[in-house]
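Student: Quick one: the structure is below, questions incoming.
The values are calculated or read from the model by the stated rules, or taken from the named source; none is laboratory data. The model shown is predicted, which means the values in this text are computed figures rather than measured ones. No Cβ is skipped: glycine too gets one built from the backbone with ideal geometry, and neighbour counts run over all protein chains shown. In case anyone asks, the SASA skips ligands and DNA or RNA and just uses the protein heavy atoms, side chains included. Shrake-Rupley method; radii C 1.70, N 1.55, O 1.52, S 1.80 Å.
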Amino acid sequence: MRFRNINIPPIPAVLLAIISVQSGAAIAKTLFPSIGAAGTASLRIGISALILMAVYRPKLTKLTKEQWKFVIPYGLCLGAMNLVFYFAIERIPIGLAVTLEFIGPLMVAVLGSKRAVDFLWVLLAAAGIVLIAPWTTNGVDILGAALATLAGAFWAAYIVLGGKISQKMDGNEAVATGMLLAACLVVPFGIFGGGLEGLTPKFLGMGIALALLSSAIPFTLEMKALGRLPARTFSILMSLEPAAAAICAFIFLQEYLSFNEILAVVFVVAASAGSTITSRR
């Protein structure tokens, strides 16, 4: 298929992935009342795995022990990141969840730097997170905030492992194999949780669209970018996620944020933008 050979520069690829995945997240939340968060995640990841396996046809039997060593944790982190994030946005607005989730990638960016100026950007981002932290009296669900933060930890691991696996095997095969492993982790939650019992042709069609927007397209774009960008640079570019999430949630779900919540998103995005401007080549 021609999709294999599409050559998009790494930075536009990351930006397109951001728009795609956040639009998908907003659409996914509309399915929660019918099939639940676990059912929606199972539908998304399961169909994504089928699509990617059909497109890229990874030769699983020819993978080396060294490649399995990296692709297994990569795939499991991919699945856990998405499942936990869906549990989070079931409780809190998408824009807030992504802002808290961004702690993970931000830590990847900071740990890759030894300059004092980068820690100033971390303080700015931390100030934004404090504005929406559950210990304030703003009514943010504590469990939802904790789940979003945990998703951020899996996101950080995904970034680091994605950069390593892209050096060990073909990026297309890596993302397809990783998605298959993610499905092995996530789909049982949908089956045993009963979320897939109410599956109808309508939901299946939405699941296919969701799989393309939220998984197949963005993760393929990200894998291509990770192979050509340092993990720290990739993390900084992903700083637009909170703003994109808030905008998409407003457009698709009419989720309104308070002044403090909007300010928190601005702080996190500004911190990452500042880190981008002051970063070395």
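One line per residue, one yes/no per condition, for (1) at pLDDT 95 or above; (2) within 26 Å of residue 170 (Cα to Cα); (3) in contact with a helix residue (DSSP H, G or I) (Cβ under 8 Å, 6 or more places away or on another chain):
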{"site": "49", "(1), (2), (3)": "no, yes, yes"}
{"site": "60", "(1), (2), (3)": "no, yes, yes"}
{"site": "69", "(1), (2), (3)": "no, yes, no"}
{"site": "78", "(1), (2), (3)": "no, yes, yes"}
{"site": "84", "(1), (2), (3)": "yes, no, yes"}
{"site": "94", "(1), (2), (3)": "no, no, yes"}
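Student: Which of the residues that make up region 258-274 are over 21 Å from the mean Cα position of the chain (by Cα) and more than 22 Å from residue 234 (Cβ to Cβ)?
Tutor: Scanning region 258-274 gives 258, 259, 260, 263.
Student: Of the conditions (1) at pLDDT below 80; (2) more than 25 Å from residue 11 (Cβ to Cβ); (3) open to solvent by less than 60 Å² (accessible area, probe 1.4 Å), residue 197 satisfies every one except a single condition; which number is it?
Tutor: In the conditions (1) at pLDDT below 80; (2) more than 25 Å from residue 11 (Cβ to Cβ); (3) open to solvent by less than 60 Å² (accessible area, probe 1.4 Å), residue 197 misses (3) alone.
Student: Can you tell me which residue among 163, 152, 144, 178 is more than 15 Å from residue 81 (Cα to Cα), in a helix (DSSP H, G or I), open to solvent by less than 30 Å² (accessible area, probe 1.4 Å) and not hydrophobic (A, V, I, L, M, F, W, C)?
Tutor: 163
Student: Quickly run through region 31-50 and pick out the residues that are under 18 Å from the mean Cα position of the chain (by Cα) and β-branched (Val, Ile, Thr).
Tutor: Those that are under 18 Å from the mean Cα position of the chain (by Cα) and β-branched (Val, Ile, Thr): 40, 45, 47.
Student: Within region 210-253, can you find the residues that are open to solvent by 50 Å² or more (accessible area, probe 1.4 Å) and among the aliphatic types (A, V, I, L, M)?
Tutor: Within region 210-253, 212, 213, 217, 240, 247, 251 qualify.
Student: What tally of residues in region 186-238 results from selecting those that are touching a residue at least 60 places away in the same chain (Cβ under 8 Å) and either of a type in the set (S, T, N, Q) or not in a helix (DSSP H, G or I) (or both)?
Tutor: The total comes to 11.
Student: When only residues in region 65-123 that are among the charged types (D, E, K, R) and buried (at least 17 other Cβ atoms within 10 Å of the Cβ) count, which is farthest from residue 149 (Cα to Cα)?
Tutor: Going through the qualifying residues, I end up with 118.
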